[in-house]
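S.K.: Here's a structure for you.
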Amino acid sequence: MSEPEFEAFLERVCRRLRLSRVQRGAIADELRDHLEERLATLATRGVPPEKAKQLALAEFGDESLFALHITAPHAQQQRRRLMRYSFGSTLAIVTTFVMASFYWPAHRQDDAHTVQAQAGIGLAPAVESKPEAIDEELVSREELTAKLKRRTVPLAFDAMPLSDVVDFLTEAHDVPILIDRQALADMGIETDTPITLKVAEGVVSLKTALQLVLRLAGGGNEFAPTIRDGLIMLTTVSDSYEVQVYNCRDLLKGVQISAPSRGGGQNPMGGSGGGMFQIAPVVGQEGEGAVGPAVGGEELTFGLFSGYGATTNAGYALIHVIQEGTAPGPWVNTDGDGGTITEFNGLITVRHSQQMHEKISDLLKKLRKATE
Amino acid sequence: MSQRFGPDLLRGSLDLMVLSLLANESTYGYDLQQKLLAASGQLVQLQPGTLYPLLHRLEGERLIRSRWDDSTGRKRKWYEITSAGRQRLVVQTDEWDRYVACIQTILAPLRPQGAIST
């Protein structure tokens, strides 16, 4: 039992703490230890006991103020927990609402338009007005994309648990980052996996930093930061697949379909030169399943390739260019697994990860710039 | 708080000082107070009314963690720095160095010629 003066002080302080009984008890124990230590130190310096007790207590200052100051961090923690809970609940409700809307029969007819709206495709006037929610999502997506491209603060993680690393990056970059814990668990990765990484300020973007962290956690290239529901979600690449439609009619409009020069190689971009795509004439009949490009042959042979998802030679060539220009896929038609890509009437429909969609957008921009 | 430095000047750097001491070894409140006093050349005396709210705040931010030990016969709360705390220390140290360099640059014209700034 400590000094009665100390106990009286602790009782008065604890009475003012708006905390749980357990928290009040813990704070009292800690302060009691401090007071006893201080008393012992002052005693060794020859300070009389009564004077020493007064000094030790006086160092805490005003009891009310002290109680207020020590309560503040705990109250803030409770608010944070509450906000996290509220945020999680809101996210769950919004997700449920979105899913319900998606499957609601009356809305299903709008799906194609929504996808087109996201891809920025010119739409007929009747469907050009986009729902307001889509506009908000687009703004949010742009903001998050910009944040992912920003340079990072200096990183010096020394065996820091993955979840702490993510918390740190969330705070440092003021951006909500959420770990898909189930996806990680499915791959046998724990959120307390220690991460050791040192990167000087501004060397890499936040996106690259997150990719590095995920690789270090053992996720290889299977995980990627993905923008979803106003968050950056760390999930598997395959879980991040989404459909985008690219209007490539402008690129396909002036395509020259011509026979390649003899021995001109196997590249559909090669050949006699001059056109954007120099493609061999169709040799196989429609539906024959002819394949192209014919590796090692003197001519490149294209047809209607249901396997390649193109309805025109030029469409197929563009698909080939996209797949080569964004390698490695993976793509179902070339790798047996991964995303899909099809062409219809000049519209290239791609189901792949956000990272792949970014690559495709960049490539298409370059193609358009090259043809200006 | 010692009056050797103005409280406004110290306020922004207390986290850095505490994290820095805890980066060396885990310790408890009173011992931390004494170590800070010694490390600062008796210039920084962090009073308990400031120290404990600060420690609890840092713990709430998961920059430090605590554990209880009663092997001495008295319940004692030990603090140690977390990985996040070490990370924060690196960032704040870098920030502090740049801040000091910035202040020195601003104050340079006021210094007598030939004075050496550290």
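The values are calculated or read from the model by the stated rules, or taken from the named source; none is laboratory data. Keep in mind that what you see is a predicted model, and the values were worked out from it rather than measured. Here Cβ is always computed from backbone atoms with ideal geometry, including for glycine, and neighbour counts include all displayed protein chains.
S.K.: Please work out which one of (1) within 11 Å of chain B (Cβ to nearest Cβ); (2) touching a residue at least 12 places away in the same chain (Cβ under 8 Å); (3) out of contact with any Leu (no Cβ under 6 Å at 6 or more places or on another chain) is the condition A:Asp167 fails and give its number.
M.R.: Going through (1) within 11 Å of chain B (Cβ to nearest Cβ); (2) touching a residue at least 12 places away in the same chain (Cβ under 8 Å); (3) out of contact with any Leu (no Cβ under 6 Å at 6 or more places or on another chain) one by one, A:Asp167 breaks only (2).
S.K.: In the stretch A:209-235, how many residues are farther than 29 Å from A:Phe97 by Cα and out of contact with any strand residue (DSSP E or B) (no Cβ under 9 Å at 6 or more places or on another chain)?
M.R.: Summing the residues that are farther than 29 Å from A:Phe97 by Cα and out of contact with any strand residue (DSSP E or B) (no Cβ under 9 Å at 6 or more places or on another chain) in the stretch A:209-235 gives 3.
S.K.: Among the numbered criteria (1) within 11 Å of another protein chain (Cβ to nearest Cβ); (2) over 15 Å from B:Asp15 (Cα atoms); (3) part of a helix (DSSP H, G or I), which single criterion is violated by B:Thr93?
M.R.: (2)
S.K.: Condition first: without any contact (Cβ under 8 Å) to a residue 24 or more places away in the chain and either assigned to a strand (DSSP E or B) or small (Gly, Ala, Ser) (or both). Now tell me which residues in the stretch B:57-90 satisfy that.
M.R.: B:Gly60, B:Arg65, B:Ser66, B:Arg67, B:Trp68, B:Asp69, B:Ser71, B:Gly73, B:Ser83, B:Ala84
S.K.: Scan the stretch B:73-89 residue by residue and report those that are surrounded by fewer than 19 Cβ atoms within 10 Å (Cβ to Cβ) and either more than 10 Å from chain A (Cβ to nearest Cβ) or aliphatic (A, V, I, L, M) (or both).
M.R.: B:Gly73, B:Trp78, B:Glu80
S.K.: Return yes when B:Thr105 is more than 30 Å from A:Cys14 (Cβ to Cβ), in contact with a Ser or Thr (Cβ under 9 Å, 6 or more places away or on another chain) and not in a loop (DSSP other than H, G, I, E, B) and no when it is not.
M.R.: Considered against the rule, which asks whether it is more than 30 Å from A:Cys14 (Cβ to Cβ), in contact with a Ser or Thr (Cβ under 9 Å, 6 or more places away or on another chain) and not in a loop (DSSP other than H, G, I, E, B), B:Thr105 comes out as no.
S.K.: Oh, and also: Assess whether A:Glu201 counts as being under 19 Å from B:Ala84 (Cβ atoms) and within 14 Å of another protein chain (Cβ to nearest Cβ).
M.R.: Yes; evaluated as a whole, the condition is true for this residue.
S.K.: Okay, moving on. Here is a list: B:Asp31, B:Asp70. Which entry is within 12 Å of chain A (Cβ to nearest Cβ), at pLDDT 95 or above and either more than 22 Å from A:Asp164 (Cβ to Cβ) or crowded, with 17+ Cβ neighbours inside 10 Å (or both)?
M.R.: On inspection, the qualifying residue turns out to be B:Asp31.
S.K.: List the residue pairs whose Cβ atoms are under 6 Å apart, where the first residue sits in the stretch A:146-158 and is within 14 Å of another protein chain (Cβ to nearest Cβ), the second is buried (at least 21 other Cβ atoms within 10 Å of the Cβ) and part of a strand (DSSP E or B), and the two are 6 or more positions apart or on different chains.
M.R.: A:Phe157/A:Ile195
S.K.: Considering (1) within 25 Å of B:Arg88 (Cβ to Cβ); (2) out of contact with any Leu (no Cβ under 8 Å at 6 or more places or on another chain), say which one A:Met187 fails and leave the rest.
M.R.: So A:Met187 meets the others, but not (1).
S.K.: Quick one: how many residues across the stretch A:215-249 are closer than 17 Å to A:Met356 by Cβ, more than 11 Å from the chain's Cα centre (by Cα) and modelled with pLDDT of 80 or more?
M.R.: 7
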